[in-house]
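Laboratory data are not the source of any read-out in this text; all were calculated from the coordinates shown. Just so we're clear, the structure is a prediction, and the values are computed from it rather than from any experiment. Don't worry about glycine lacking a Cβ; one is built from the backbone with ideal geometry, like all the others, and counts go over all protein chains shown.
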Amino acid sequence: MLYPRVPALTRRTFLASAAAVSAGVVLPPQSDAAAGLREFRIRAGPGRAQIAPEPHGDTPIWCYDGSLPGPEIRIRLGERLRVAVENKLDEETTVHWHGLRVPNAMDGVPHLTQAPIAPGETFAYEFDAVDAGTFWYHPHHRSFEQVGRGLYGPLIVEEADPVRVDREVTWVLSDWRLTKTAEMREDFGNRHDMMHNGRVGNTVTINGRVRDVFQVRKGERIRLRLINAANARIFGLDFGNHQPAVIALDGQPVEPHAPEGGLVVLGPAMRADLILDMTADAGSRVSVIDRFYEGLEYRLVDLAYSDNPLRQAAPDWPVALPPNPLPEPDPASAVRHEVTFNGGMMGAMVMQEMGGSMGNRGEGSSGAMGGSMGNLGGTMNMMHSGGIWFINGVAAEGHVMDPMLTLAQDKSHVIAMTNATAWHHPIHLHGHSFRVISRNGKSTRHREWQDTVLMSPRERVEIAFVADNPGDWMLHCHILEHQAAGMMGVFRVA
Ligand code: C2O
Ligand code: CU
């Protein structure tokens, strides 16, 4: 199989003292000088974390403020956020505020929206929180290594009027490629990872640790904010006999619904807010299983019910979130654009299935083939150049700055995206949230707002949005090895 098994490491029971899954630390505001301004300071630098369970020792990592994940930045809708980022690494860095609709200069893309932050320097980001929801922050410079070593943290923007729950919990999910002695495998950015499914690790963590149990009480209602901070791993979480309601995706409210197919699927960078009612009996244990990769299921954690129930039945409080102020696109009048992803291992094979046999390629195609010539060109490029992944036939190299598309500002746009590869790709657009309006020609049920859409092999997805945020914005795969191997481009909104 293509995906490695998570070894027994993650299944091992460890001591009860480490059992509670804590959310990150909330930083106090450092100044209340201006009403509504919240100031934070975070330091990117080396650290250590107890990732693998004892008796393993801790693992050298890179992180923010010495903590894994980085401190939870929590503000309220409408507040202004200022974060001074100090670089204590030996290399340059930046911070990208994933999913937040920020002004272009605050987007954290090195050489595109700012100069990278040099070692020893500090850069202050400042922007208004225009949407409530579950977001996160991470470097956008050599992110396949910087994120892979532990640089990321949750960023929560609270609604003015949040849904009522007993407890709110944030789980930052990640995975690691560790040696038997819990050292970091240093093979970041290797060509095999780049060509296949990215750096999928062998040790899965919740909030930076391998977890055994998460304590709950019967009758309790929890708002669970899930953030997939892994470089490449896709999660498909099964909560057993619990019926979670998905109330937000990528921070944006969605009509509350049961997860499609019973699994909460999160590609890298994606988030989901769940309402989880604890309906099992006091004293019971219910496993949360990751079933994304068929045949490679593993237990993420057990929900461990205490002996004293909070209440006998789930509360009947409403669960729907108020919408964020996103401009509504009009797909009927929208400008349409085509974006095709190709490359990777077996790229040519997929082309063969999609567009005819390999033998046809050099012989001039029929008219019907014309539309996919760009794809074939991409595959040819792949074979002749060092590039691995392509967007509309181009593999990005070094710092991408030339826009591949210019989108008229304040107009509706539909981007029809085709995944012409044999692999999954979580495709992320900066500066905007978009509605996912169709998959393989079929309208989506919830027309969900996302900033990262997971595309299956060979899938066609249409997204729609109003390009209301001027500037140059990245579009890239959030499997960070794919991004590094060419799968990124720039959209200009002007
Ligand atoms: Cu979360 Cu361009 O990134
Ligand atoms: Cu990808």
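Descriptive notes on the structure:
- Set of lysines near K88 by C-alpha distance (under 18 Å), chain-local residues within fewer than 8 positions excluded: none
- Cut-off 15 Å between beta-carbons: net charge of the residues surrounding K88, Lys and Arg +1, Asp and Glu -1: -2
- Distance in nm between pseudo-label sites at R185 and M401 (7 Å out along the Cβ direction from Cα): 3.7 nm
- The slack in the chain from W317 to R299, taken as 0.36 nm per residue of separation less the alpha-carbon distance, amounts to 3.5 nm.
- If you take the Cα centroid of the range 289-349 and the Cα centroid of the range 63-84, the two points sit 23 Å apart.
- Extension gain for the segment D307 to V130, taken as residue separation times 0.36 nm less the Cα-Cα distance, is 59.5 nm to one decimal.
- Between the range 392-458 and the range 145-215, the alpha-carbon center distance in angstrom: 24 Å
- Between the beta carbons of H242 and H111, assuming R0 = 56 Å, the FRET efficiency works out to 0.80 to the nearest 0.05.
- Local electrostatic count, R271, Cβ distance below 10 Å [Lys/Arg +1, Asp/Glu -1]: -2
- Environment charge of I388, counting only residues whose C-beta is closer than 15 Å and scoring Lys/Arg +1, Asp/Glu -1: -1
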